[in-house]
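Everything below concerns the one structure shown next.
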Amino acid sequence: MQSTPQYTGLTPQQVEESRRAHGPNVLTPAKATPLWKQFLAKFTDPLIIILLVAGALSIGISCYEYWGLGEGVAVFFEPIGIFIAILLATGLGFLLEVKAEKEFKVLSQVNDDEPVRVLRSQGPTEVPRRDVVVGDLVYLNQGDEVPADGKLLEATSLSIDESTLTGEPSCSKTTDPEHFDPEATYPSDSVLRGTKVLDGHGLMRVERVGDATENGKVMTEARIDDGVKTPLSEQLSRLGSLISYGSYTVAALIVMGRCIMWGLDPTCAPYLSVDFAAYLLQTFMIAVTLIVVAVPEGLPMAVTMSLAYSMRRMLRTKNLVRKLHACETMGATTVICTDKTGTLTQNQMQVYRTDFFGHTPADIINEGIAVNSTASLDLSGDIPKPLGNPTEGALLLWLQANGVDYLALKDKAPELAELPFSTERKFMATIVNSPVTCAPTLYIKGAPEIVMSLCDQVAGDVPRDEINALLTGYQNQAMRTLGLAYATLPPTLKPEEYDTFLQQLGQRKITPDATFLGVVAISDPVRGDVPAAVQEVLDAGIQVKIVTGDTPNTAREIGRQIGLVSPEDAQQSVITGPDFAALSDEELESRINDLKVIARARPGDKKRLVETLQKLGQVVAVTGDGTNDAPALKAAHVGLSMGDGTSVAKEASDITIIDNSFTSIGRAVMWGRSLYLNIQRFILFQMTVNVAACLIVLAGAFMGTESPLTVTQMLWVNLIMDTFAAMALASLPPSPEVMRNKPRARTAFIISQSMRNAILWVGGIFFALLFVFLWILHHADIASVADLFRASSYGVAMHDLTPYELSLFFTVFVFLQFWNLFNARAWASGHSGLSLKDCGEFEFIALAIIVGQIIIVQLGGKFFNVVPLTFIDWVWIIIGTSPVLWIGEILRAKKSQKPSH
């Protein structure tokens, strides 16, 4: 494009003044969070805080026992174990997220040094994109990326791809107010940074640069951290509070109860005595021990490992998880706000149907499409990719699919003259020297009603009313339609007159003797898997809302095709962006559940929709692939970007759907719900262990006996074994059955009624069994398991437990929990605890727990305060504790046989 004399560019002095006033044309990058801050953030978890308090109290007790009572260094194993649990849970989560961030990192740095052609006072020149300033005149040509926001001064057949901001892949631009599109998201004479010139050329005056551009505003909004709490973090906070208050209350009752017992015992010294002071110190130590025992050291590790395992497995289902919490939050989702282009549709215009009339030779139709086009195909990859106008590209793809080489046709028919497409004319025309007609031939393509008005006849003599009815049917399906025509030019029209002829044709001053060939319907088709995927999430009780920059008719039709919008609610469920923005907050809250489609939406509309839904207590997931989606992706509980989306969208998201498929979103929901179940299963398992252990400590506190489990043994039970259990339950595969349920209530506590009953009943039964077993060991002479069945072993005076008896009690305690692990695995599954299909990791870890327990008892010696057991002892213990599983199996079988009403 040559210099435009009627415009004068900025002088060097004006450029500097503008840069000082408005800043450089660069987008301010997001400030990176230091790694140390990311690591410390892990310590804000409520359960980690409880562990830190328990660790501090445990250190205090250990110090007193070591320096005050002269005990060995083994007293420090408990606090060391607690802090190992803390570091494992926080460190694992931190390292996984850092690793995911590196894997996830995309090229987001825009090349601000790319040259841009501008008009300045000294004439046309090229400057780096960063040096473009407000007031600059910028030339726009096909393939250029618009460097800043501005207003068009000239536009010739200009078409812009605004999909990164509005979702609209092709917007016609003009400077003629009479041809402005009143439904356009942005004015027809405005162009925006980051959009791309598909066709034509123009001249713009820059009005906004850098962060002030629409692109910059979107990036700024995307960086705002709204501090949305995830459903899981809320539940764990409540669980942490319950554990804290519960253990502190019981500890206080221990202190009060033991003090009252001291006062009621006539043999005890007065309260103001050295003996009572020592007794009170011992009481406090028991109380703190109970608090430490009550804290589920393995739970933070279990949650982290469950999230990490799901994070790794979800990658196999094309979900690249960037933030650990997103794995579970997807399972709590109640609303999915999705864009249309590229998520529900293929984001590639394709020929839906061709209606060519009469018996026109295919060679004429093929030649007309090939030569009368400004688009082209990139054939360098495995799949042809259209370049230029996507609608014209669809026609070339249609030729390619039918085995026609459009380039060969173009080469054989040299172009003699061209009339480019414009929004004013709504058609384009090309004259070529045709080898098909053996004469100069005019080909016309454009809006069918316009092309038809230029024709004297219709191929096959099809009535025009019939064609109009056909067009109406396509338009009702939100399809784009093109009309094609041709005419063989008379020999009297000389080649030097072709340009004038086309100009007169464009001004409608002449009508060629043309034949209307037919109509082509073009659409951006819905992805084949989307209707079933949408139905799956709807059946799972999740609302779906489409937010798109497309026209209301197109958006409504896509909603109909995917099964979201029905004819009955088509009017009340669809709203345009301007009407949406005009709603007050109260009006929006009253209508939001009925809304299913927002058309002609701007970036802020989706964010407002998300925030309003969150205000009403919904858990919101947002999908998007464009820069315009970034604020909503950031504001949502879970942001889902598409694999081929913009870098801004990806950086604002929590999960990237690598294959761009809505089906992958349904799989993410299934993983999230299954993950929550696995976390509940671990809580059920560990809280049962903790209830039994706490009751043993509590009983011992009022009976005056020491705990039969040593510090190192409790370390194995609470940390190592629970870590194995966490791995086992975390590795359970997702169950498709969870998609039949409605989303859980956000206020529902993570410990359900059935879980609470199971924890209290099973924990209480374990305590009763262990208490009776402990009483027997204190009042019998047991040298082997077989002695438990001999009457001669009983009648012995109460005595301290021997190392063998302690080993026996420790092993029985562990195996009760081992068999209960299978019950926890089967909880809420409807299956047997021994149904282990696709549970290879669970089987391996269960075996590791057995092997670990055998190694500790047989080789642990003084460190674990144990002595080896015989083979027969092991057989008796394993068989004797197994009814924990068999009784669970019987109860599950009875429950499954209950008739449903």
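Numerical summary
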| read-out | value |
| --- | --- |
| Strands (runs of 3 or more DSSP E) wholly inside the stretch 123-225 containing at least 3 residues that are of a type outside the set (S, T, N, Q) and farther than 27 Å from residue 339 by Cβ | 123-128, 137-141, 149-162, 196-208 |
| Any hit, the stretch 332-342, residues being in contact (Cβ under 8 Å) with a residue 60 or more places away in the chain, surrounded by 24 or more Cβ atoms within 10 Å (Cβ to Cβ) and assigned to a helix (DSSP H, G or I) | yes |
| Any hit, the stretch 814-823, residues being open to solvent by less than 40 Å² (accessible area, probe 1.4 Å), under 25 Å from residue 761 (Cα atoms), under 48 Å from the mean Cα position of the chain (by Cα) and of a type in the set (Val, Ile, Thr) | yes |
| Residue tally, condition at pLDDT 90 or above and open to solvent by less than 60 Å² (accessible area, probe 1.4 Å), over the stretch 870-895 | 13 |
| Whichever residue in the stretch 438-465 is at pLDDT below 95 and of a type in the set (S, T, N, Q) and, among such residues, is surrounded by the most Cβ atoms within 10 Å (Cβ to Cβ) | 453 |
| Residue among 522, 510 that alone is among the β-branched types (Val, Ile, Thr) and more than 48 Å from the chain's Cα centre (by Cα) | 510 |
| Extreme residue, farthest from residue 544 (Cα to Cα), among residues of the stretch 580-606 that are touching a strand residue (DSSP E or B) at 6+ places or on another chain (Cβ under 9 Å) and among the charged types (D, E, K, R) | 600 |
| Checklist (1) open to solvent by 10 Å² or more (accessible area, probe 1.4 Å); (2) in a helix (DSSP H, G or I); (3) not polar (S, T, N, Q) applied to residue 617, failing item | (2) |
| Matching residues, the stretch 848-869, being exposed (fewer than 14 other Cβ atoms within 10 Å of the Cβ) and of a type in the set (Phe, Trp, Tyr) | 863 |
| Residue match in the stretch 389-409 (condition: touching a residue at least 40 places away in the same chain (Cβ under 8 Å), farther than 17 Å from residue 485 by Cα and small (Gly, Ala, Ser)) | yes |
| Tally of residues being surrounded by 18 or more Cβ atoms within 10 Å (Cβ to Cβ), small (Gly, Ala, Ser), within 42 Å of the chain's Cα centre (by Cα) and modelled with pLDDT of 90 or more across the stretch 359-417 | 3 |
| Number of positions in the stretch 463-507 that are under 56 Å from the mean Cα position of the chain (by Cα), part of a helix (DSSP H, G or I) and among the aromatic types (Phe, Trp, Tyr) | 1 |
| Pair list, Cβ < 8 Å and 6+ apart or interchain, from the stretch 26-46 residues that are within 30 Å of residue 130 (Cβ to Cβ) and at pLDDT 85 or above to residues that are charged (D, E, K, R) and surrounded by 14 or more Cβ atoms within 10 Å (Cβ to Cβ) | 26/112; 26/130 |
| Failed criterion for residue 805 (all others in (1) of a type outside the set (Phe, Trp, Tyr); (2) modelled with pLDDT under 85; (3) open to solvent by less than 20 Å² (accessible area, probe 1.4 Å) hold) | (2) |
| Residue match in the stretch 761-775 (condition: surrounded by 14 or more Cβ atoms within 10 Å (Cβ to Cβ), without any contact (Cβ under 8 Å) to a residue 12 or more places away in the chain and within 55 Å of the chain's Cα centre (by Cα)) | yes |
| Qualifying position, being touching a strand residue (DSSP E or B) at 6+ places or on another chain (Cβ under 7 Å), surrounded by 24 or more Cβ atoms within 10 Å (Cβ to Cβ), closer than 25 Å to residue 522 by Cβ and aliphatic (A, V, I, L, M), among 191, 197, 132 | 191 |
| Among (1) of a type outside the set (Gly, Ala, Ser); (2) part of a helix (DSSP H, G or I); (3) modelled with pLDDT under 80 - the single one residue 708 does not satisfy | (2) |
| Among (1) aliphatic (A, V, I, L, M); (2) open to solvent by 20 Å² or more (accessible area, probe 1.4 Å); (3) outside any strand (DSSP E or B); (4) touching a helix residue (DSSP H, G or I) at 6+ places or on another chain (Cβ under 8 Å) - the single one residue 243 does not satisfy | (2) |
| Identity of the residue in the stretch 490-521, in contact with a Ser or Thr (Cβ under 9 Å, 6 or more places away or on another chain) and at pLDDT 95 or above, that ends up farthest from residue 389 (Cα to Cα) | 515 |
| Filtered residue count, the stretch 244-286, keeping only those that are among the basic types (Lys, Arg) and touching a Leu at 6+ places or on another chain (Cβ under 7 Å) | 0 |
| Candidate set from the stretch 732-746 (those that are touching a residue at least 40 places away in the same chain (Cβ under 8 Å) and either out of contact with any helix residue (DSSP H, G or I) (no Cβ under 6 Å at 6 or more places or on another chain) or at positive phi (or both)); member that is most open to solvent (accessible area, probe 1.4 Å) | 740 |
| Qualifying residue in the stretch 26-47 (condition: within 12 Å of residue 136 (Cβ to Cβ), open to solvent by less than 90 Å² (accessible area, probe 1.4 Å) and either in contact with a Pro (Cβ under 9 Å, 6 or more places away or on another chain) or outside any loop (DSSP other than H, G, I, E, B) (or both)) | no |
| Qualifying residue in the stretch 476-488 (condition: touching a residue at least 40 places away in the same chain (Cβ under 8 Å), in contact with a strand residue (DSSP E or B) (Cβ under 6 Å, 6 or more places away or on another chain) and within 25 Å of residue 623 (Cα to Cα)) | yes |
| Out of 190, 247, sole residue that is of a type outside the set (Lys, Arg) and modelled with pLDDT under 85 | 247 |
| Criterion (modelled with pLDDT under 80, among the polar types (S, T, N, Q), open to solvent by 40 Å² or more (accessible area, probe 1.4 Å) and closer than 30 Å to residue 612 by Cα) met by exactly one of 289, 220 | 220 |
| Those residues of the stretch 789-802 which are assigned to a helix (DSSP H, G or I) and either open to solvent by 50 Å² or more (accessible area, probe 1.4 Å) or in contact with a Gly (Cβ under 9 Å, 6 or more places away or on another chain) (or both), in sequence order | 789, 791, 792 |
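Table: residues versus (1) within 11 Å of the chain's Cα centre (by Cα); (2) surrounded by 24 or more Cβ atoms within 10 Å (Cβ to Cβ); (3) free of Cβ contacts under 8 Å to residues at least 12 places away in the same chain.
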position	(1), (2), (3)
631	no, yes, no
635	no, yes, no
640	yes, yes, no
646	no, yes, no
651	no, no, no
657	yes, yes, no
660	no, no, no
672	yes, yes, no
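The values are calculated or read from the model by the stated rules, or taken from the named source; none is laboratory data. Bear in mind the structure is a predicted one, so any value in this text is a computation, not a measurement. Every residue, glycine as well, gets a Cβ built from its backbone with ideal geometry; the counts of neighbours run over all protein chains shown. For accessibility, only protein heavy atoms count, side chains too; no ligands or nucleic acids. Shrake-Rupley method; radii C 1.70, N 1.55, O 1.52, S 1.80 Å.
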